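Reading through the structure tokens given below for one structure.
The values are calculated or read from the model by the stated rules, or taken from the named source; none is laboratory data. Everything numeric here is computed off the predicted structure, so don't read it as measured data. Glycine also receives a Cβ, built like all others from the backbone with ideal geometry; neighbour counts cover every protein chain displayed.
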Amino acid sequence: MKNESIIIADDHPLLLKGLSDFLLEKGYNVIGSGNNGREAFNLITKLQPDIAILDIQMPYMSGLEIARKCNTNALETKIILITFHKEKQLYNEAIALNIYGYILKEFALEEIENCLKTVSEGNPFFSPKISELLGVNSEKQGLLNILTPSEKKILKLIAMDRTNKEIASLLFISHRTVEKHRSNIITKLELEHKTNSLLIWAKEHQEELQ
């Protein structure tokens, strides 16, 4: 797990050094660090690390913007955001971008190892501390986190009362692919295989799907 390559970026030199020293001391494979968003994105495109730990707000490009560009360019680096900010809007934006980790800076050294272990196993880690502060239902969020981006899109369209045919047309996929996704979602969410179970779940969780 500690062999996975990591880059880190923060525009606060002391915080950057502190996190870098901590990870190196613990034996993590830190292969680069940057002082702003532009440097961070260049490191990601050049080195293609397994994981990038990014400050959410940096000069030139924010952590959220970097995550968005990684999605657009189909870069597979898993993004972990660290922040002092506790706004629900930033948290929701991060969720929408399917980032892998979100932790508060004041708890970073406390949570980063657990976060890295979870993320390296392919599972998202969202700080219980910030979930508690924002009043986020981590159980519901956790359920959404096990879905792929494609499954989330389909679930959102199901909540909007779209038929399989309409979903297939909107997403440029076959009707059969939509049915397969629906079946996978039902299995992951541990729902009953009956006609309206997925629609009912999607309606009940419509707000979290936005």
TODO: Any chance you could count how many residues in segment 70-98 are surrounded by fewer than 17 Cβ atoms within 10 Å (Cβ to Cβ) and modelled with pLDDT of 80 or more?
DONE: 6
Open item on the list: For the condition in contact (Cβ under 8 Å) with a residue 12 or more places away in the chain and within 13 Å of the chain's Cα centre (by Cα), what is the one hit in Thr77, Thr83, Thr45?
Closed with: Thr77
Open item on the list: So in segment 1-18, with the set limited to residues that are surrounded by 15 or more Cβ atoms within 10 Å (Cβ to Cβ) and within 14 Å of Gly63 (Cβ to Cβ), which one is modelled with the lowest pLDDT?
Closed with: Leu15
Task: Filtered residue count, segment 51-69, keeping only those that are at pLDDT below 95 and touching a Ser or Thr at 6+ places or on another chain (Cβ under 6 Å) - done: 1
TODO: Take Ile31 and decide whether it is surrounded by fewer than 22 Cβ atoms within 10 Å (Cβ to Cβ), modelled with pLDDT under 90 and of a type in the set (Val, Ile, Thr).
DONE: no
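Quick one: which residue in Glu121, Glu111, Glu106 is in the same structural domain as Asp11 (by TED's automatic domain parsing) and surrounded by 17 or more Cβ atoms within 10 Å (Cβ to Cβ)?
Exactly one residue qualifies, and that residue is Glu111.
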Task: Condition met for Thr163 (among the hydroxyl-bearing types (Ser, Thr, Tyr), outside the structural domain of Asn92 (by TED's automatic domain parsing) and either under 24 Å from Leu97 (Cβ atoms) or surrounded by 15 or more Cβ atoms within 10 Å (Cβ to Cβ) (or both)) - done: no
Open item on the list: If I filter segment 151-162 for residues that are out of contact with any Lys or Arg (no Cβ under 8 Å at 6 or more places or on another chain) and β-branched (Val, Ile, Thr), do I get at least one hit?
Closed with: no
- [ ] Could you check how many residues of segment 159-210 are free of Cβ contacts under 8 Å to residues at least 24 places away in the same chain, polar (S, T, N, Q) and assigned to a loop (DSSP other than H, G, I, E, B)?
- [x] 4
- [ ] Given the conditions (1) touching a residue at least 40 places away in the same chain (Cβ under 8 Å); (2) in a helix (DSSP H, G or I); (3) hydrophobic (A, V, I, L, M, F, W, C), report the number of the one that Ile8 does not fulfil.
- [x] (2)
